[in-house]
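Chemist: For reference, the structure I am asking about is given below.
Computed from the coordinates by the stated procedures, all read-outs in this text should not be read as laboratory data. As the structure is a prediction and not an experimental result, all values here were calculated from the model. Here the Cβ positions follow ideal geometry from the backbone for every residue, glycine too, while neighbour counts run over all protein chains shown.
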Amino acid sequence: MDSHDSYDVRSIDLESQRVIDAANAEEEQRMFDGAEPSNCRKRAPIDIDDDDVEQEKGKTTSTQTKKRKHNKFDGDQSSKSGKRAAIDIDDDDDLHDNVVGDKGKGKATATEPTKRKQYADCWEHFTVVKKTINGKLQDRAECNHCKRDYAYNSHKNGTHSYNRHMETCKVRLSKVDISKMMLNSEAKLQARKIDHMVFREMVAKCIIQHDLPFAYVEYERVRSVWKYLNADVKFISRNTAAADVYKFYENETENLKRELAHLPGRISFTSDLWTAITHEGYMCLTAHYVDRNWKLNSKILAFYAFPPPHSGMNIAMEILEKWKDWGIEKKVFSITLDNATNNDTSQDILKSQLMLRNDLLCGGEYFHVRCAAHILNIIVQIDLKDIGDTLEKIRESIRYVQASGKREVLFAKCVEAVGLQLKAGLIMDVKTRWNSTYKMLDRALKYRAAFGNLKVIDGRNYKFHPTEAEWHRLKQICEFLEPFDEITNLISGSTYPTSNLYFMQVWKINNWLISNSQNQDEVIRSMIVPMRERFDKYWEEVSDVFAMTTVFDPRLKLTLVNYCFEKTDKGSAEIKIKHLRGKLATLFESYENKSIFTSSSTETRETNHQTDENEGKKRSFGNYDDFINFRKQTVITSGKCSLEMYLDDPPIDMIEYESLDILKYWKDNSQRYGELASMACDLLSIPITTVASESSFSIGARVLNKYRSRLLPKNVQALICCRNWLKGFEAYENEEDEEFDEDETLPSFQSIVDDEA
């Protein structure tokens with residue numbers, strides 16, 4: 001043996017070597033036949049006497065130069081490499097004194113093998129044990145419940161057999177706590193199984209819908225509740241929660257893309273800009289359309305960071321890119337923007353780009369719609385600015401009454417003295433919300449007599465009482481603001497209606513401005529001039545669109561438009577009606593032409609049982625093709641297209657069908673009117689305000705606040721878009737209504753008098 005060897009190995013006799021070689025051959029043959037290998041099997045140690053020191057020649061001598069390797073794979077490695085297996089030697093052997101190497105690395109005796117960490121869930125119910133199989137010691141995976149064992153090899157055997165056994169192990173199922181079980185469809189108890197992927201998706205929806213932070217999943221009490229409900233729950237971190245939310249956003253985005261790709265009609269859009277608390281600019285793009293089930297939808301497609309400059313060119317390019325990402329650039333009908341100069345530039349660029357591919361109807365005549373809320377707000381602010389001193393008197397009067405309980409009691413007695421029986425009390429307006437100013441004035445006017453009585457009783461302290469002329473002026477201003485309030489409630493609601501209701505309310509404003517242009521009050525007369533200039537410019541642009549949408553209300557058709565035109569100017573009413581008919585005919589012709597090229601590739605809206613009935617009729621009239629074509633030609637030559645047929649039919653009764661669902665009406669009559677029904681859906685879905693996009697900013701202020709100012713823009717978009725897709729804009733408006741209801745339920749003055757008595 002060379003001096004470089006680390007170990008001093010004694011030889012064994014030739015008879016022992018033959019026994020070992022035979023055992024190795026048997027092991028190789030057993031593995032070749034497909035039996036379960038025994039990788040961790042150790043042979044019985046062979047005691048070597050001190051006298052057996054004579055070295056053998058030949059094959060035995062070659063093995064002495066090899067270093068011993070003690071691990072659980074000794075048997076396999078020796079058989080595969082053709083080398084003689086290493087022999088475990090007892091600690092009592094004389095070799096114990098001579099196993100220290102040149103560098104003193106320690107003992108060369110057999111060491112305990114390093115165990116591989118087990119991550120699979122099944123190892124909670126299985127344990128690796130050693131069992132003798134066919135006279136050989138092997139590692140087996142034993143069930144902790146029924147003690148059934150399976151083959152085990154950390155490198156060759158998987159865990160499929162163990163998992164299947166866990167599902168059928170009767171002993172394990174019988175030991176399950178009954179509180180953790182539930183009844184199946186056969187009214188039998190079975191173990192409750194939790195799909196952790198479903199659980200994580202539900203947590204993601206909870207975070208989205210209730211504006212919770214991602215750290216919600218790490219709250220101690222939240223985790224305690226989850227653990228109490230099911231002990232097998234797996235906790236997740238805030239990073240995992242954020243990833244789950246974004247994954248949910250990506251899945252819902254693909255679903256919405258498929259829905260819009262198969263949409264039979266066109267889409268109208270609103271867009272607006274917002275500056276977050278982080279001073280980052282965000283742009284919101286919202287789609288408005290009637291889906292295949294004839295339901296009006298409003299979906300936020302994008303809520304993304306938009307760095308400056310916010311020029312018209314940049315806005316247009318961003319919107320075009322979003323349309324292409326969603327694959328809807330050929331389905332655009334209109335876009336509603338506010339009156340900012342950059343928006344005028346952006347809509348011109350958008351229109352020119354879409355017209356290059358002939359994607360717009362009627363040359364883009366109805367593409368740009370100005371935000372009605374923005375226009376109305378400008379008009380109202382002009383009005384309120386001119387009566388600022390009178391308004392301030394009303395505010396000071398309300399503050400005076402609400403300053404102390406003693407004054408409230410005094411005012412309540414004044415109300416009782418003049419014989420007023422009102423349940424609602426006074427309210428203070430919010431200067432930035434002009435419709436709250438209208439409500440304040442409306443309420444104060446009802447208590448006009450009580451304020452007059454307060455002036456008589458407490459004239460020494462109460463010095464804010466308006467004059468009779470000011471009360472008269474406030475009454476006229478309140479009458480002026482009433483239609484503004486009505487239309488604001490229409491266009492600002494979460495379930496905003498189809499656009500057929502806008503014409504009448506906007507016309508009321510126009511009619512008030514005309515009728516008060518010669519008002520005796522000089523203040524009101526001076527206000528009318530700038531207000532008329534603003535409104536006439538807006539009315540000229542939108543009157544055609546609003547009138548057309550009104551026509552598609554089967555209760556109104558042309559009757560309401562004709563009434564409004566005659567009330568405004570009877571001499572020009574007939575000309576305006578003729579002009580409106582021409583606009584409708586031109587737009588309808590565009591729809592008919594488009595349907596010729598897209599009928600084979602565009603899906604139609606659902607018509608339920610009507611489709612099946614028509615299929616049956618088509619089979620019955622299979623030989624009537626020539627007659628059907630002849631009848632179509634006859635209708636065309638007679639000038640009775642579906643538009644003319646609809647307009648010539650008398651309107652349905654307004655009282656009987658007061659709560660008519662207009663989209664359902666067009667669904668029921670879609671087979672009769674054909675493309676006219678698609679035209680009606682597209683017109684009725686036009687939004688006249690950007691309130692839908694602005695509503696997303698209110699929730700954006702909750703998502704991005706001073707406590708969550710470091711959210712990534714992609715996560716902000718995922719949270720806001722998914723919340724809208726799950727709940728719609730109704731969620732935002734209900735929360736605002738709850739805040740406003742607090743003002744509506746203020747205690748009445750009568751209750752104060754009762755308490756005082």
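Chemist: Which of L580, L726, L320 comes first, and how do the rest follow, when ranked by fewest Cβ neighbours within 10 Å?
Modeler: Ordered from fewest to most neighbouring Cβ atoms within 10 Å, L580, L726, L320 come out as L726, L320, L580.
Chemist: Still on this structure, I have one more. What's the magnitude of the charge dipole for the range 382-468 around its Cα centre, counting Lys and Arg as +1 and Asp and Glu as -1 at the beta-carbon? Answer in Debye, nearest 20.
Modeler: Using Cβ point charges on Lys, Arg, Asp and Glu, the range 382-468 gives about 260 debye.
Chemist: So, one more: Can you list the residues of the range 255-298 with backbone N under 16 Å from a point 7 Å past the Cα of Y216, pointing along Cα to Cβ?
Modeler: none
Chemist: Continuing with this model, one more query. Please find the FRET efficiency linking R672 to K147, where r is the Cβ-Cβ separation and R0 is fixed at 60 Å, and quote it to the nearest 0.05.
Modeler: Using R0 = 60 Å, I get an efficiency of 0.20.
Chemist: What ranking do S161, S515 get, fewest neighbouring Cβ atoms within 10 angstrom at the top?
Modeler: S515, S161
Chemist: For R555, R723, R148, what's the fewest-to-most ordering of other Cβ within 10 Å of each Cβ?
Modeler: R148, R555, R723
Chemist: Let me ask another. Modelled label-to-label distance, D653 and K130, 7 Å Cα→beta-carbon offset: nm?
Modeler: 9.6 nm
Chemist: Roughly what would the spin-label model give for E592 and L229, points 7 Å off Cα along C-beta, in nm?
Modeler: 5.9 nm
Chemist: What does the extension gain come out to for I194 and R448, with contour length at 0.36 nm per residue minus their alpha carbon separation?
Modeler: Computed gain between I194 and R448 is 84.9 nm.
Chemist: Now for a separate question. Test of the criteria: in the range 387-437, which trypsin sites (Lys or Arg not before Pro) are in a DSSP loop and have at most 16 other Cβ atoms within 10 angstrom of their Cβ?
Modeler: Listed in order of number, the matching sites are K423, K431, R433.
Chemist: Just to verify a number: FRET efficiency for K567 and K463, C-beta to C-beta distance, R0 = 35 Å, to 0.05?
Modeler: Working: r = 44 Å, r/R0 = 1.26.
Efficiency, rounded to the nearest 0.05: 0.20.
Chemist: Gain in length, K205 to S709, computed as 0.36 nm per residue apart minus the alpha-carbon separation, to one decimal in nm?
Modeler: 179.3 nm
Chemist: Another question, if that's okay. Using 0.36 nm per residue of separation minus the Cα-Cα distance, give me the extension gain between N239 and D661 in nm, one decimal.
Modeler: 147.4 nm
Chemist: Do the alpha carbons of any pairs in K295/K330; K324/K667; K557/K664; K331/K640; K508/K570; K413/K463 sit beyond 26 Å of each other, and which pairs?
Modeler: In this structure, K324/K667; K331/K640 lie more than 26 Å apart at Cα.
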